[in-house]
Amino acid sequence: MPITKATPADAAELTVLINSAYRGASSQQGWTSEAHLLDGIRIDESTMLEYLRAGDTTILKYTNEEGSILACVYLEIRDGNRLYLGMLTVSPTLQANGIGRQLLHEAEIWATKLGCPHIFMTVITTRHELIAWYQRRGYRNTGKTQPFPTDTKFGVIKNDPIELVVLEKEV
């Protein structure tokens, strides 16, 4: 399946995909759901369009033969030469089939093309299985944490405060 750069024309489809994988009942079909921790949507279409139009941001999409988007990953150049990786998303019904691994690998190739020797990300600290998945792919826990954003555009925290751990890999 091809992995290509998403365009503003993909905004609506990407928004639906990401929300289906992270929030609501559909997300619980996969293992990346945050529905037990957060209410609300993961992203809205206007924010997605902002990301797709930003000069320092790329969203890679994984499509099937018909051109439907099945997975994606958000990449943003920060601090001049570090690549932030976020919203690694695979359709909940297709998770655990190697698609996420393929996107992660492509993100690492992209980082090299952009001259970014490091990729970093943040993961909810209580998502031990997800942290372990990234560690098996060479990402290391930096020991740094940060609070989950309080801006409700990322969702509304249900109970206890959420903390994010920073993971990093040299590519």
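Rounded, prolate or oblate: pick one for the range 39-144, where a ≥ b ≥ c are the square roots of the eigenvalues of its C-alpha gyration tensor, a/c under 1.5 means rounded, and failing that, prolate if a/b is larger than b/c, else oblate. Here the range 39-144 falls in the rounded category. Among residues other than H105 with Cβ under 14 Å from its Cβ, the summed charge is +3 (Lys and Arg +1, Asp and Glu -1).
Taken together, the values in this text are just the output of simple stated rules run on the coordinates, not laboratory data. Just so it is clear, the model here is predicted, and its values are computed rather than measured. Quick reminder, even Gly has a Cβ in these numbers, built from the backbone with ideal geometry, and neighbours come from all protein chains shown.
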